[in-house]
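The values are calculated or read from the model by the stated rules, or taken from the named source; none is laboratory data. Bear in mind the structure is a predicted one, so any value in this text is a computation, not a measurement. Cβ placement follows ideal geometry from the backbone for every residue including glycine, while neighbour counts extend to all protein chains displayed.
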Amino acid sequence: MRDTSAIPESAPAGPGDNLPPSAVEMLRDDLAERYRGLTARHDELLAAGVRTPSSVDDDETAGKFGDFIKQVTGAIKSAEAARIDEKEPYLEGGRAVDGFFKKIIEPLAKLKKAVEERLNIYQRRKADEERRAREEIASKAREEAEVAAREAAERAKALKTPSDMDPALAAESTATRAAEDAAVAKKAAAAKAADLSRTRGDLGSVASLRTDWTGELEDRALLELEPLREHLTQDCLDKAIRAYAKAGGRQLTGARIWQRQQTVVR
């Protein structure tokens with residue numbers, strides 16, 4: 001016979017086993033207790049829904065369907081009203097939390113925007129000045145490279161005796177270096193605004209210009225819509241189509257517009 005004396009009757013409590021229920025768990029239990037009637041009505045209606053006929057074939061059945069829908073609607077309204085009542089204190093608390101921190105965040109965000117704008121003005125000026133300086137250097141390097149290239153060509157063309165070889169080679173070497181310097185200067189002048197404007201603070205901050213493209217509507221009547229097609233979401237398009245149909249539109253290529261009839265039970 002197996003010896004079970006060493007087996008404990010229950011496993012030892014794990015970490016957290018003795019913790020009290022969380023606020024969320026207590027709330028769920030409280031709601032379940034106070035809204036037993038609503039939950040029971042929910043179960044009754046779902047069970048009744050399973051027993052409804054699969055189709056409506058006469059006025060008597062239609063009337064029963066209407067009555068049943070009215071009961072379901074009543075239960076939904078009751079649950080929705082209870083949900084709003086129960087949630088309001090939490091919403092009010094959330095608004096209080098939002099309001100408290102909003103008073104801290106908004107002035108700081110306004111301050112940050114104002115300071116950033118001043119820094120932005122400086123960095124744009126810094127980038128423009130740096131680019132102009134680099135462009136001047138690149139222009140000068142290009143001119144020097146062109147002069148060196150012409151001199152090297154002239155030396156090569158004038159090469160007649162062995163004594164002309166060394167000056168010709170020196171001129172060619174000078175032209176090569178000048179062309180390389182011009183290429184480096186051209187690349188430096190074409191640097192991104194971020195590289196031209198970058199500054200560093202004593203506390204470790206790094207600030208630089210970020211370049212992107214943006215846009216805004218100027219004239220709704222003149223706006224060209226075709227280029228925007230691929231950037232419009234499905235929801236935006238559906239909303240526009242429904243608004244077009246409600247306004248009287250009946251034909252629209254690429255869309256289906258139809259007269260919809262739906263039962264309304266009061």
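Table for the structure above
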| item | result |
| --- | --- |
| Pair list, Cβ under 9 Å, 6 or more apart: the range 252-266 residue within 14 Å of ALA240 (Cβ to Cβ), other residue part of a loop (DSSP other than H, G, I, E, B) and of a type in the set (Lys, Arg) | ILE257/ARG250 |
| Residue check for ASP181: among the acidic types (Asp, Glu) and surrounded by 14 or more Cβ atoms within 10 Å (Cβ to Cβ) | yes |
| The range 76-89 residues that are in the same structural domain as ASP43 (by the TED database), paired with ones that are among the aliphatic types (A, V, I, L, M) and part of a helix (DSSP H, G or I) (beta carbon under 8 Å, 6 or more apart) | SER78/LEU38; ALA79/LEU38; ALA82/LEU38; GLU86/LEU31 |
| Residue within the range 203-210 that is surrounded by 13 or more Cβ atoms within 10 Å (Cβ to Cβ), part of a loop (DSSP other than H, G, I, E, B) and hydrophobic (A, V, I, L, M, F, W, C) present | yes |
| Test result for VAL72, modelled with pLDDT of 95 or more, closer than 20 Å to ARG266 by Cα and not basic (Lys, Arg) | yes |
| Residue within the range 125-140 that is outside any helix (DSSP H, G or I), without any contact (Cβ under 8 Å) to a residue 24 or more places away in the chain and hydrophobic (A, V, I, L, M, F, W, C) present | no |
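Yes/no per residue for (1) without any contact (Cβ under 8 Å) to a residue 12 or more places away in the chain; (2) assigned by the TED database to the domain that holds ALA193; (3) closer than 30 Å to SER208 by Cβ:
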position	(1), (2), (3)
ARG34	yes, no, no
GLY37	yes, no, no
ALA40	yes, no, no
ALA48	no, no, no
THR61	yes, no, no
GLY66	no, no, no
LEU108	yes, no, yes
ALA114	yes, no, yes
